[in-house]
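Structure first, commentary second.
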Amino acid sequence: MNAPLVVVAHGSRDPRSAATIRALPLGARVSFLDLSAPLLTDVLCSLAAQGHRDAVVVPLLLGSAYHARVDLPALVREVPRLRVSIADVLGQDPLLENIALDRLRAAGADPADPSLGVVVAAVGSSHAPANDAVIALARRWNTRYPMLVAPAFATAKPDVASAIAKLRARGARRFAVASWFLAPGLLPDRIAARARQAEPSVLLTDSLAPDPRVAELVLARYHATLARAA
């Protein structure tokens, strides 16, 4: 199946977000669910008008929350002239975990430091399994590394201040926030501001993208989807 690759991100009012997604070394058609252009439906309609019969959409989403489960399939159904296969979300892939660890080290945090408290900060969701995946990531890091780790969310509980307080009670003396966001934007900025209020010396990491390993993961999702559709 000769199907174009379309990546779709959430979209943001913050122009840094879309710019970061476009900087991924993919050579794919970039689209957004909302707030940024071009919208996914516009890209899919353009492909159909060009004579394409198939397409593969890879969601640049880190969890299977409402956007992945409901919004995305509904938008795809709006373009019936095109057979669209939707890949799995990027999720809690080891490649992304490695990027997050590298971001920590680049910010000056050492995962081998038992006095280091790390908050894994994500967007949060009303869909509990999406939050559970981030909680599971924090547990894995607690098991694998001497550092102390706790999850936090921008739009759910616990928030970053509560997570820092919990880590301090567990014995942490230095603190870092590991961004579990693909791109910068308003919610990561909110987390950063609240983290600094709770601990002025906190170390803050960059978002996961752009990074060549994110592009590798996207292409792996694309080829796995093609194989399933064949």
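Quick note: the coordinates plus some simple rules give every number you see, no bench work behind them. Values in this document were obtained by computation on a predicted structure and should not be read as measured data. Cβ atoms come from the backbone with ideal geometry, glycine included; neighbour counts cover every protein chain shown.
Dipole of the chain computed with +1 at Lys/Arg Cβ and -1 at Asp/Glu Cβ about the Cα centre; of V149, A165, H52, farthest Cα towards the positive end is A165.
Placing a label point 7 Å from the Cα of R140 along the Cα-to-Cβ direction, the residues of the range 87-113 whose backbone N falls under 12 Å from that point are 91-101. Across q = 0.11, 0.17, 0.19, 0.23 Å⁻¹, the range 94-204 modelled as identical point scatterers on its alpha-carbon atoms has Debye log10 I(q)/I(0) values of -0.28, -0.71, -0.91, -1.41, in the order of the q list.
Between amide H atoms placed 1.01 Å from N, distances below 5 Å from V120 occur with A150, A152, A178, all of them 5 or more places distant or on a separate chain. The amide H of S36, built 1.01 Å from its N in the peptide plane, has S12 as neighbours under 5 Å, considering only residues 5 or more places off or on other chains. Extending 7 Å from Cα along the Cβ direction at A229 and again at R105 yields two label points whose distance is 3.7 nm. Cβ-to-Cβ counts within 10 Å put D93, D211 in ascending order as D93, D211, the fewest first.
Calculate the tail of P(r) for the range 1-116: the fraction of all Cα-Cα distances greater than 20 Å, expressed in %.
Values: 3238 of 6670 pairs.
Counting pairs separated by more than 20 Å, the tail of P(r) holds 49 percent.
Dipole magnitude for the chain: about 340 debye, using +1 per Lys or Arg Cβ and -1 per Asp or Glu Cβ, origin at the Cα centre. The 3J(HN,Hα) values that the Karplus relation (6.51, -1.76, 1.60; θ = phi - 60°) gives for the range 167-173 are, in residue order, 5, 4, 5, 7, x, 5, 10 Hz. Gly and Pro appear as x. Amide hydrogen proximity for R83: with H placed 1.01 Å from N in the peptide plane, the residues at 5 or more positions away or on another chain lying under 5 Å are D54, A55. In a simple Cβ point-charge model (Lys, Arg +1; Asp, Glu -1; nothing else charged), the range 94-204 has a dipole of about 280 debye relative to its Cα centre.
How high is the relative contact order of the range 94-204, in percent, with contacts defined as C-alpha pairs under 8 Å that are six or more residues apart?
Numbers: 192 pairs, mean separation 35.7, N = 111.
RCO, the range 94-204: 32 percent.
Which percent of the Cα-Cα distances in the chain go past 25 Å? Percentage above 25 Å: 41.
With only Lys, Arg, Asp and Glu charged, each at its Cβ (+1 for the first two, -1 for the last two), find how big the charge dipole of the range 1-88 is about the Cα centre; round to the nearest 20 debye. Intermediate results must be reported in sequence, preceding the final value.
Numbers: 9 positive and 7 negative charges, 26 e Å.
Approximately 120 debye in magnitude.
Report the residues of the range 129-164 in range of a label on A193: point 7 Å along Cα→C-beta, backbone N strictly under 17 Å from it. Counting backbone N atoms under 17 Å from the label point, the list is 153-156, 159-162. Only Cα pairs under 8 Å and 6+ residues apart enter the sum, and on that basis the relative contact order of the chain stands at 23 percent. For the charge dipole of the range 12-64, defined by +1 on Lys and Arg C-beta atoms and -1 on Asp and Glu C-beta atoms about the Cα centroid, which residue among A23, T41, L61 has the Cα displaced farthest towards the positive pole? Most positive-ward Cα: A23.
Working note: 222 nm ellipticity from helices only, DSSP H runs with n ≥ 4, each -39,500 (n - 2.57), summed and divided by the residues of the chain, gives -13000 deg cm²/dmol to the nearest 500.
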